[in-house]
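These notes concern the structure reproduced below.
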Amino acid sequence: MAQDKSDFVITNGMHPADIADALWQDVDINRARELFDDMDVAQGALVLAEADEKLQGALLEARDPQVIANYLNLLSVDDGVDVLNGLSDALRLEALCFVDSETATELRHLTSYPEKSAGGMMTTEFISVAESERVADVIKLIKGDEGEAESVYVIFVVNAVNILQGVITTRELLELEENDSVGESMNPDVISARVDEDREEIARRILRYNLSLLPIVDARNSIIGVVSSDDALEVVEEEGSEDALLLAGASGDSDAGEPLLEMVGHRAPYLAIPVGAGLVMSKVMEHFTRVPTTVADDVYSTLVIAFVPMVLALSGTVGMQTSAVLVRGFAVGQIVRGRRLSVFLSEVRVGVVLGLLSALVAGPAMGLIIGDYYVGTMLSLALWLSIIWTNTVATSIVVGSEAAGLDPALVAGPVMIAVSDLSAVALFLGVASKLIV
């Protein structure tokens, strides 16, 4: 028997990342808020740092601004920016009023940059030293860091007016004499990025040059922040997932297991194209098969066949949407073993709603094309059942292949397309012929 979601408890020793996943995946949002409220501020801050933006917003949207400020005071600056970006404008401004003045200034500065720019993803917590600094003094500075800097393994070297001159690693420092200056041994060929560059370009540069930290500079080449390799990997994952979902005809914000209305909203608009294209193709097929404009029993079968392209277009789009969302969900850990059944049922419900919306739009149009609204209504009912079936088949293939230890991405493509298209058309033709006769 499945465990009641309300019975979930946070045990001692759970990693903050595991807690964040559990709050998002294993319990409903009301229970998640209760569990989060029971945490002390320090643990809550650690969980927020690991949570995605949707969970952060859901946990904090009804909280007192002063409580939110307590979390922001404990978070790193870049994590604090992520939290603020998930809040409403009014709540963000109120919370910043209670944050420590120095932290609030940095947060206001960083949130002023576009979210998908280098400035929007950088942190201002890094170590930089003057060219003339002695190695012994720099090592002392590193030892005195209390975990505030993004990394103590990469040190940036600047001149008297903070213009980036070079970079040196902690390993290289330890190999030098204590009285040597860092300017003598630094690497002057430092790779940097402008603050207004797109975050995808930032991620590509970090991965291309195998950097642990990428310095971000302003128009004067003055270093104002850094982006870490961890941040780059997150961008690659987010952008790759978004591109894959958009390619499949679903919003880049789609998540497996999200609320029904959000699921429908993220997918329904993309069905307008196959509906329109299918209706046009049906009209073309009607013309070339020379179907008379007066509907009679002996031409019903020809009329039904004329709408097969629309069935293929819609069922294919719905199937690809479902496959893309589920494959991504398994790949990034959104769907765990205990959630397979709930995700399956959620996707079936989405298929019912998407099929109904498509039928409501396509039914009158089909009736208008063939000159008989009763026949159009029957065809729309057959279309609805076909889309429900396709969505169920696609969900079963992806979830079943993952449960069997197969790669869902490999199986979902060719198998889903072949099985869903053939079965959807067969179901449409069979149901339509029975309803119209």
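We did not get these values from a lab; they are worked out from the coordinates using the rules stated. Keep in mind that this is a model prediction, so the values were computed, not measured. Neighbour counts run over all protein chains shown; Cβ positions are idealised from the backbone, glycine included.
Just a few scattered comments:
- Per-residue Cβ neighbour rank within 10 angstrom, fewest leading, PHE307, PHE156, PHE98: PHE98, PHE156, PHE307
- Reducing region 362-399 and region 51-69 to their Cα centroids gives an inter-centroid distance of 42 Å.
- Taking GLU133, GLU61, GLU184 and counting other C-beta atoms within 10 Å, the order from fewest to most: GLU184, GLU61, GLU133
- Net charge of the neighbourhood of VAL318, taken over other residues with C-beta under 15 Å away and scored Lys/Arg +1, Asp/Glu -1, is 0.
- Least to most buried among ASP40, ASP421 (fewest other Cβ within 10 Å first): ASP40, ASP421
- Relative contact order %, region 117-224, counting alpha carbon pairs below 8 Å whose residues are six or more apart: 32
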